[in-house]
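Accompanying notes for the structure given below.
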Amino acid sequence: MEPEILRLKEQLLERENEISALKDKLAQLQTLNQSNNLSIGLQDKVTALAPLKAKASLSNEEIMRYSRQLLLPELGVQGLGCPLAQYLAAAGIGRLGLLDYDEVELNNLHRQVLHREDTRGQPKALSAAQAIKRLNSAVECVPYHLKLSHENALQLVQQYPPCKNKKVLYKRRLALHVSLTPFLHTYDIVADCSDNVPTRYLVNDACVLSGKPLVSASALRMEGQLTVYNYQGGPCYRCLYPVPPPPETVTNCSDGGVLGVVPGIMGCLQALEVLKIASGQQCIFYSQAFMLFHPTSLRLVTQASPIYFCTNKCLLFKTAGMTASFLRPAAADGGRPGGSVPLDPAAAAAGGVRCVRESPTVTALQDYEQFCGSAATDKCRRLCLLSKEERVSVKEYKEIVDEGTPHLLLDVRPLVEVDICHLPFSLPIPLASLEDRKTEHIQLLKERIAETKQKLNSESCVPVYVICKMGNDSQKAVQVLQRMSGSEVEPVSAKDISGGLMAWAQKIDPSFPQY
């Protein structure tokens, strides 16, 4: 009797495990059914369709989803790595390393097309790898949810020496990244799709020191750039940009927006150059090829030259025209101060440019955030230009509003952002208008300051609180107002609202749109 009881218990446990597995499978299929909207009816004949209903306004969710393109003044009403990974996988590349330290957000979906609504909150590398495996299960896809740094990049890239046989390259492995940071691990070619300056210098130096070609692309607003660095003796990123730009002059997609199709185009072009290098074909946009893309009118102008495939051309892609422009080195004497490799004087004199390795000025990786003075992230940067006394929190400002204290609230965002959302009692004057002293806006500011002063019934300075999206431009505007106070306008006491409208939405009014 005892053996029979044990046998039945074992069978019962097996059935319970089977039922549990079936429940899990059912839940997965139900989720997939909901995400794919399988209830859509398949049409077998042409029928009349009801006209689309016009939407009076966007919901808060729609504002967040399309925020990167709503920031574009050309549109008003974007991911490089996604199309790059997609087409390389479709082409049958043996291994794709996907590195991204971020997670999928709603505002990624209009341009990072490997991700879906139901993958929000997942690591981007994992979400992209799953999509790649659905496209081509034969491709080995390796997702990395970690941050590339000067402490690990060179060790990773040098684990495997570069392959000198061009025909073998295609059969070996490639490195690319999903949307932010490229990863250099047991691969032959590196593709940089990053959106920040420190990462570009880090990846460039790692590729130069390890002898790996680097295919680099970027996209912002309605423009894109494509360059191939460190390939067949060509120059590297430092050769063109030996000194990083001031942090306050750098704009990324979070700040400036991007039309989703632009990174799609640039990612496809980037995939093309990777495949050409991998298969040993001539690469047009390396060394002398630099591409600028602007999509409002498409045309490609190439320079007739006997050195068709050589050195220093960068494709600059704009919506207003596509051109191939020749870049100049940082110095005209055959050397490049600050560059990781100097020019070969003989090649420079002959009209071509190629890098040599006899006297490199960069021999080890460094702290690139310190070198560039900015963080290695594509998130909105946080400036600290004012003292604590010159700033107020959103909670402190809410108390001022509730108490009814007379004051002027100045919104210094671009007007296209004001159209997305704004506080009803704010005065919209863009920061650029203040800096340029635009007559109509300065006159409007004077009038509102005078009106506020009358409400104060005193000779004290008019309190002006300045707000923007994140609290960066508002600090700059306060500095402008401080210079104008008492000379160009009535005396004012200007303070910025720390954290801006996004802090207002998070801490004061959850119904206020975030973008």
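The values are calculated or read from the model by the stated rules, or taken from the named source; none is laboratory data. Just so we're clear, the structure is a prediction, and the values are computed from it rather than from any experiment. So basically every Cβ, Gly included, is an ideal-geometry build from the backbone, and we count neighbours across all protein chains shown. The protein model used for the area step is the full one, side chains on, heavy atoms only, and it has no ligands, DNA or RNA in it. Shrake-Rupley method; radii C 1.70, N 1.55, O 1.52, S 1.80 Å.
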With the cut-off at 31 Å, tell me which of the pairs 25/147; 147/398; 395/453 have Cα atoms farther apart than that.
25/147; 147/398
Summed side-chain charge close to residue 404 - residues other than residue 404 whose Cβ falls under 14 Å, Lys, Arg +1, Asp, Glu -1:
-1
Place the peptides 126-137, 88-99, 6-17, 362-373 in order of packing, highest mean first, counting for every residue the other Cβ atoms within 10 Å and averaging per peptide.
88-99, 126-137, 362-373, 6-17
So, how do all the Cα-to-Cα distances of region 436-515 break down into 10 Å bins, in percent, from 0 on up?
18, 41, 31, 10
What length, rounded to one decimal in nm, is gained on full extension from residue 152 through to residue 487, with 0.36 nm per residue of separation minus their alpha-carbon distance?
115.2 nm
Partner aspartates and glutamates for residue 276 [C-alpha distance under 18 Å; skip if fewer than 8 residues away on the same chain]
188, 192
Mean separation of Cα contacts under 8 Å (at least 6 apart) over the residue count of region 398-476, i.e. the relative contact order in percent, is 41
I want to check the label-to-label distance for residue 459 and residue 384. Put each point 7 Å from Cα in the C-beta direction and report it in nm to one decimal.
3.9
Percent accessible area from carbon and sulfur atoms, region 379-515, protein chains only, probe 1.4 Å
49
FRET E, pair residue 26, residue 117, Förster distance 22 Å, beta-carbon r, rounded to 0.05:
0.60
Mind ranking 258-267, 407-416 by how tightly packed they are, going by the mean number of other C-beta atoms within 10 angstrom, highest first?
258-267, 407-416
For region 383-501, what is the accessible area per residue in Å², given a 1.4 Å probe and the full set of protein chains?
48
Taking only the alpha-carbon atoms of region 366-499, what semi-axes of the equivalent ellipsoid follow from 5 times the gyration tensor eigenvalues under a square root, in whole Å, largest first?
28, 16, 15
